[in-house]
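> Quick one: the structure is below, questions incoming.
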Amino acid sequence: MRLPKIHALAAAATLAAAPCSATAQTATVTVHPRTALSIGGVTAFDRTQFITLHGSPTDPDTSDEQFRYLTEELGVAWGRDGGVQTWRMGRTPADPDHAGMPDLAALAEAGRRARAEAAANPRHDPELMRDVVLCTHPQFMVGIPGNDFTAWGPRTPEAAAAWVSTFLAEFYTDADRPRLYEVFNEPFVHAAEIGTTRRQMAEQHVVTARAIRERTPGVLVGGYSAAWAEVEAAGFGQWHANQKMFMDVAGAEMDFFSTHLYDGINIEGTHTERTGSNTEAILDLIDQYSHLRFGVAKPQTITEYGRILFSRNGRAWPERGRREALILRSMIGMNHTFMDHPDRILKAIPFILGVGDWTYGLGDNTEEEPYDYLLFRRNGGADHHVPTGLEHFYRFWKGVEGDWRSHSSTDPDVRVHVLADGRRLSLVLTNLDDAAHAVALRGLDGLDVGRVTLRSLTTDGGFPQLTERALPAVPAAIDLAVGGSALLTIDSRVDLAVEATLQRRRTYATDYLQPIAAGEPVGFTFQGTPTGPGGNARLRLSIARDPALSLSPELSVNGERVPFPEDWMGGDQAGRPTFYGMIPVDVPSGLLRDTTHVRLVFPDSGGHVAAAVLETTLPR
């Protein structure tokens with residue numbers, strides 16, 4: 001998003017090479033195919049982190065044919081199982097000798113039988129199962145008096161923790177045990193109706209984490225699966241009451257923090273567009289407070305993301321295609337953000353279910369107007385399914401592998417990833433802007449090219465469209481429609497050997513959540529800042545202000561003025577009561593010192609600078 005939307009960068013020759021509409025914005029992407037990029041020590045793209053399905057390989061409603069198609073044809077990784085614990089809990093008897101406790105001996109025996117069944121199930125592949133995040137719904141697992149889900153409750157956090165730790169230890173082996181565990185799914189928004197408090201739920205995270213760690217120390221425990229990440233609401237009152245409270249109470253015992261992010265409308269009914277700057281600002285705030293509180297920015301998971309649609313209109317065909325296009329646009333755009341942080345994001349899971357038989361008859365979902373988030377929908381009865389348009393998420397990313405390579409974009413709305421895999425170079429582009437872009441390409445003319453293909457995904461029409469075609473040569477430019485994505489694949493005749501390496505690191509300020517007063521400096525200090533010749537630096541400032549207030553402060557770094565940009569990732573957040581977004585500022589690396597001081601001065605009062613992160617990309 002630009003303030004204002006004027007920024008001409010590409011030359012007329014570029015526009016001639018790739019004609020675009022007169023209203024299109026222009027940008028230049030520069031690629032360095034032989035310069036490796038280490039992002040917080042991570043050098044390779046891992047599909048199990050980012051190309052995932054909200055399901056398990058053993059989902060009973062997924063056929064063997066669908067399973068093979070997903071894993072072998074599309075290369076999909078499995079993401080999350082929220083049902084298996086509920087099913088097993090309902091079949092666990094009470095301990096006859098210890099009131100209010102599950103019969104752990106019976107549970108262990110059930111686990112022994114389950115392991116034998118799993119060993120005979122070819123879809124229970126240990127490597128695939130390890131990638132599944134386990135969770136359950138709080139109304140079943142919260143340990144409070146009056147919980148009658150089973151004969152034994154759970155009516156205390158200790159009873160719940162004893163069941164969970166035994167389940168993880170006895171139903172899996174070290175080879176197939178899921179390595180990520182969320183204590184609850186979206187608990188806080190349901191606390192009052194369940195009859196508990198958010199703090200009690202946070203405290204149960206502590207009890208559960210300690211019990212799991214005692215029996216199965218290899219399992220990482222996290223939470224709280226935030227459904228409503230409107231951290232800036234009520235002058236960051238929502239942050240203090242929810243995420244910060246959770247981190248203060250349970251954060252020391254957590255291995256990761258978990259959040260759900262959606263465009264469109266959140267569970268509280270507030271209008272929200274998160275793709276781009278808002279998503280980055282939420283993640284940076286959690287990172288920075290974690291670093292301040294625990295001395296380390298603990299990793300994060302995004303175990304649901306996508307778009308929630310306001311209207312129930314257009315759920316039948318052919319109008320339904322537009323709904324799928326909007327969902328895809330959000331998922332592709334958000335995934336680009338998550339992929340920028342492979343060192344920070346343990347796993348990102350789009351909310352795409354597989355077959356989802358349980359959704360039919362839920363609410364007003366029917367075969368003619370099915371649930372919005374199915375990958376396979378019924379077509380002619382419960383035994384016949386066809387893919388939905390959400391399949392394009394996985395078809396777009398099909399075959400993409402490799403190690404990160406260096407790149408740059410002159411426009412933050414044009415998101416870029418570059419991967420090298422032997423002789424293959426993959427350039428991925430996504431447009432987060434509300435205008436089309438003509439993207440000039442630089443740095444590719446020296447390749448010994450054997451084959452070029454262009455895969456394009458468009459989401460600005462009535463249906464999402466995915467196309468792929470061979471090109472006679474590497475193009476000088478690529479057109480991106482609003483919300484569009486492109487994958488340019490270049491097969492070289494020789495290996496793309498690494499000639500240089502850049503190392504990207506993050507340094508967190510020693511303070512956060514600074515209020516803004518007119519004419520008064522807002523200061524941040526960064527200690528232990530990486531320095532050195534070459535490379536570049538970027539200051540990530542997460543700013544929350546009312547829409548009428550300025551987003552153009554005066555900025556200085558170690559006493560030197562630095563221009564403040566009028567552009568950021570994604571839209572202008574119109575319709576939200578408060579703008580909250582991460583605005584990236586390019587900083588000359590020569591200005592950095594071991595202790596770096598940043599100073600901002602705004603012309604008007606109100607709002608906060610919530611987080612400040614200094615990202616350096618320097619030669620190794």
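> Within the range 349-461, which strands (runs of 3 or more DSSP E) (wholly inside it) include 3 or more residues that are surrounded by fewer than 22 Cβ atoms within 10 Å (Cβ to Cβ) and of a type in the set (A, V, I, L, M)? First the steps, then the outcome.
On the way: elements: 376-378, 385-387, 403-409, 414-421, 424-431, 437-442, 449-458.
Once the strands (runs of 3 or more DSSP E) in the range 349-461 are filtered for at least 3 residues that are surrounded by fewer than 22 Cβ atoms within 10 Å (Cβ to Cβ) and of a type in the set (A, V, I, L, M), what remains is 449-458.
> Inspect the range 21-29 for any residue being under 30 Å from Gly535 (Cα atoms), modelled with pLDDT of 95 or more and either over 29 Å from the mean Cα position of the chain (by Cα) or of a type in the set (Val, Ile, Thr) (or both) and give the result as yes or no.
yes
> So for the range 307-315 (the condition being assigned to a loop (DSSP other than H, G, I, E, B), among the hydrophobic types (A, V, I, L, M, F, W, C) and touching a Lys or Arg at 6+ places or on another chain (Cβ under 9 Å)), does at least one residue qualify?
Checking the range 307-315: at least one residue is assigned to a loop (DSSP other than H, G, I, E, B), among the hydrophobic types (A, V, I, L, M, F, W, C) and touching a Lys or Arg at 6+ places or on another chain (Cβ under 9 Å).
> I've got another one for you. Of the residues that make up the range 587-600, is at least one within 24 Å of Val416 (Cα to Cα), surrounded by 20 or more Cβ atoms within 10 Å (Cβ to Cβ) and modelled with pLDDT of 95 or more?
Filtering the range 587-600 down to residues within 24 Å of Val416 (Cα to Cα) leaves 587-589.
Those still in the list that are surrounded by 20 or more Cβ atoms within 10 Å (Cβ to Cβ) too: 587.
Then drop every residue that is not modelled with pLDDT of 95 or more, which leaves 587.
Checked against the condition, which is being within 24 Å of Val416 (Cα to Cα), surrounded by 20 or more Cβ atoms within 10 Å (Cβ to Cβ) and modelled with pLDDT of 95 or more, the range 587-600 yields at least one hit.
> Could you grab me the full set of residues in the range 488-529 that are of a type in the set (A, V, I, L, M), in contact with a Ser or Thr (Cβ under 7 Å, 6 or more places away or on another chain) and in a loop (DSSP other than H, G, I, E, B)? Don't jump to the end; show me each part of the working.
Narrowing the range 488-529 to residues of a type in the set (A, V, I, L, M): 488, 490, 494, 496-498, 500, 502, 509, 513, 516-518, 522.
Right, trim to in contact with a Ser or Thr (Cβ under 7 Å, 6 or more places away or on another chain) and you get 500, 502, 509, 516-518.
Ala509, Ile516, Ala517, Ala518 - these are the residues of the range 488-529 that are of a type in the set (A, V, I, L, M), in contact with a Ser or Thr (Cβ under 7 Å, 6 or more places away or on another chain) and in a loop (DSSP other than H, G, I, E, B).
> Going through the range 171-182 one residue at a time, which ones are surrounded by fewer than 20 Cβ atoms within 10 Å (Cβ to Cβ), in contact with a helix residue (DSSP H, G or I) (Cβ under 6 Å, 6 or more places away or on another chain) and of a type outside the set (A, V, I, L, M)? Explain how you work it out, then say what you get.
Taking the range 171-182 first, the residues surrounded by fewer than 20 Cβ atoms within 10 Å (Cβ to Cβ) are 173-177, 179.
Among the residues that remain, those that are also in contact with a helix residue (DSSP H, G or I) (Cβ under 6 Å, 6 or more places away or on another chain) are: 175-176, 179.
Within the range 171-182, Asp176, Arg179 meet the criteria.
> Oh, and also: So the check is Cβ under 7 Å with 6+ separation or different chains; which pairs have a first residue in the range 282-298 that's outside the structural domain of Ala544 (by TED's automatic domain parsing) and a second one that's modelled with pLDDT under 95?
From residues that are outside the structural domain of Ala544 (by TED's automatic domain parsing), the pairs are Ile282/Ala229.
> Then there's this: Quick one: is Pro122 crowded, with 16+ Cβ neighbours inside 10 Å and either in contact with a Phe, Trp or Tyr (Cβ under 9 Å, 6 or more places away or on another chain) or over 20 Å from Gly222 (Cβ atoms) (or both)? Full working, then the answer.
On the way: crowded, with 16+ Cβ neighbours inside 10 Å: no; either in contact with a Phe, Trp or Tyr (Cβ under 9 Å, 6 or more places away or on another chain) or over 20 Å from Gly222 (Cβ atoms) (or both): yes.
So Pro122 fails the test.
> Could you list, in sequence order, all residues of the range 121-159 that are over 17 Å from Val207 (Cα atoms) and among the charged types (D, E, K, R)?
Arg123, Asp125, Glu127, Arg130, Asp131, Asp148 - these are the residues of the range 121-159 that are over 17 Å from Val207 (Cα atoms) and among the charged types (D, E, K, R).
> Exactly one condition in (1) aromatic (Phe, Trp, Tyr); (2) buried (at least 17 other Cβ atoms within 10 Å of the Cβ); (3) at pLDDT below 95 is not met by Tyr305; state its number.
Evaluating Tyr305 over (1) aromatic (Phe, Trp, Tyr); (2) buried (at least 17 other Cβ atoms within 10 Å of the Cβ); (3) at pLDDT below 95 leaves (3) as the failure.
The values are calculated or read from the model by the stated rules, or taken from the named source; none is laboratory data. On a predicted model such as this, the values are computed, not experimentally measured, just so you know. Note that we place each Cβ from the backbone using ideal geometry, even for glycine, and neighbour counts take in every protein chain shown.
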